[in-house]
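The values are calculated or read from the model by the stated rules, or taken from the named source; none is laboratory data. Remember, it's a predicted structure, so these values are computed and weren't measured experimentally. Cβ atoms come from the backbone with ideal geometry, glycine included; neighbour counts cover every protein chain shown. Ligands, DNA and RNA are stripped out before the accessible areas are found, and what is left, the full protein with its side chains, is counted by its heavy atoms. Shrake-Rupley method; radii C 1.70, N 1.55, O 1.52, S 1.80 Å.
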Amino acid sequence: MIFAPNIYIEDTIISYLRKYTKGEATAKEIPWDTMRMSLNNCVKQGAAYISSLHCLMQPYYELFFYGDARICKSIPGSEHCFMEEVIAADSDFCLWASSQNLEAAAEGWGDYMKRCNNDHVLYFFKLLNRLINDSYRQNWKNLSDSLKEKLFQAEVYSDYKTDELYCILHALAMIMQQEWMLQKKREMFVMLRDHWGFMKHVYSMMVRHIVGCKLPNFAALTNNVMISNGNLPHLDIYYCALVERIDNLGLDEKKYKKLDDARLKLLEKINRREPSETLYELCDTLFPEEFQQMLRHRPKSYGELKEENAQKDMLLSQMENQTHKLELQLEEATLAYKTAIEACIPVEDILQRLQRIPIATAWDIYGKLDRLLKTHPVWRQYDIQIQEALEQREREEESKKSNLYSNLETVAKNPTHLTTIEHFHNQNGTYNDYSEATLHTLAFRPHKNNHKIIEK
């Protein structure tokens, strides 16, 4: 026997919901499975039944949409599952929801969750997920601006649960403003849902008051975020938010110290493993004005530290190898000079070659020769002459340096005093007496009048 849609739906679905919302029957006394079978039958019957279902369900949609106590009576159970199935079956639900107030819905669900003393935000996520639909109409920009005004001012604070739902709603509004395909928006919202246990800690830090957790302070929040293994790959995000916000949390000295101690523990955790960038795009979407700036606080990852240490070890090894080579070369040079002296090579030839190497190295060779040949008769003839020659060279080099610095100071005070490097050549000797860096400094000093570049 075929009934008119309204009569069928009234008898098999609406009558039970009416009893339940009026308190005439408990959740256990309502035949949810029978009602579910009737719903499936409506879907099979087609558009006429679904249209009637939509009209008759609107009062209950409103109760459910705003978390009303008459339909949301206890910890989410059969009534929630059934309402979700009806909403999924009703193609006109999103059009109806377009005229509703989402902020008021968040407030209603917040009151419901506080009343039931539960954290079942998953059901609010499911409700909002239904709104990621082409037929749903909402000014997402206005909504995100309104929520930002409520959430991101430290002095504006509702309560830990309502503000948590505000944050979820703010996240949805930010996602829906992106120029993505609808499927990607759904995926990003599902990612938010799957990582909400972590993301509510990030939101707490960003809005500067704790949302979604009954915790006394930010130090406790920071310790709490480290407990779950699922949070570990993403702790660098929370760390960046903490460092970005820590000076703006209005903490006294004692609370600041406790939070900073917790920050150091967090840093130790981060340094033990590789971070994941899975949530970076989501966070950049939710906090577009701040996330990239926050990342400058990102601690180096375990891999980066390992690579950095490997690089340091490699450089130290290279330095060690080069130092060893220089030591060997110095020993070989000393041995060559020792052999030459023992062979009675004239002291002039010895000095000629010593003058061609850096003065410090020449003194090193002289010192080693003096220890090796202290009693050798030829060395006793040469050593005073070599020592005096090296001392004379050292004095000449110090004098040249002094003249050079003096002239540089003169040029700095009066740039027109020097127009060509030949001035230094005429006064102090050849170009080879100066380092390349010194000549470059002089050659590119601008002229006061025409800024002419003087080239070597």
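Within the stretch 286-338, if we keep just the residues that are among the polar types (S, T, N, Q), at pLDDT 85 or above and more than 30 Å from H201 (Cβ to Cβ), the residue that is surrounded by the most Cβ atoms within 10 Å (Cβ to Cβ) turns out to be T334.
Going by what's in this entry, would D252 be described as of a type in the set (D, E, K, R), more than 30 Å from N133 (Cβ to Cβ) and in contact (Cβ under 8 Å) with a residue 24 or more places away in the chain? Considered against the rule, which asks whether it is of a type in the set (D, E, K, R), more than 30 Å from N133 (Cβ to Cβ) and in contact (Cβ under 8 Å) with a residue 24 or more places away in the chain, D252 comes out as no. Checking each residue in the stretch 19-39 for being part of a helix (DSSP H, G or I) and open to solvent by less than 80 Å² (accessible area, probe 1.4 Å) picks out Y20, T21, A27, W32, T34, M35, R36, S38, L39. Selection over the stretch 65-93 of residues that are in contact (Cβ under 8 Å) with a residue 40 or more places away in the chain, of a type in the set (A, V, I, L, M, F, W, C), under 25 Å from E24 (Cα atoms) and part of a helix (DSSP H, G or I) gives a count of 5.
Candidates K126, K161: the one that is surrounded by fewer than 21 Cβ atoms within 10 Å (Cβ to Cβ) and of a type in the set (K, R) is K126. Among the conditions (1) in a helix (DSSP H, G or I); (2) surrounded by 12 or more Cβ atoms within 10 Å (Cβ to Cβ); (3) at pLDDT 85 or above, the only one that I345 does not satisfy is (1). Do we have E103 as open to solvent by 60 Å² or more (accessible area, probe 1.4 Å) and either under 30 Å from W140 (Cβ atoms) or in contact (Cβ under 8 Å) with a residue 24 or more places away in the chain (or both) here? Criteria not met by E103. Within the stretch 123-163, the residues that satisfy the criterion of being free of Cβ contacts under 8 Å to residues at least 24 places away in the same chain and outside any helix (DSSP H, G or I) are N139, Q153, E155, V156.
Looking only at the stretch 253-301, filter to residues that are among the acidic types (D, E) and in a helix (DSSP H, G or I); which one of those is farthest from V225 (Cα to Cα)? Per the stated criteria, the residue is E253.
Just so you know, in the stretch 31-68 the residues that are acidic (D, E) and under 29 Å from N101 (Cβ atoms) include one that is modelled with the highest pLDDT, and it is E62. Go over the candidates T375, T416 one by one and state the one that is assigned to a helix (DSSP H, G or I) and modelled with pLDDT under 85. Just a single option satisfies the conditions, and that option is T416.
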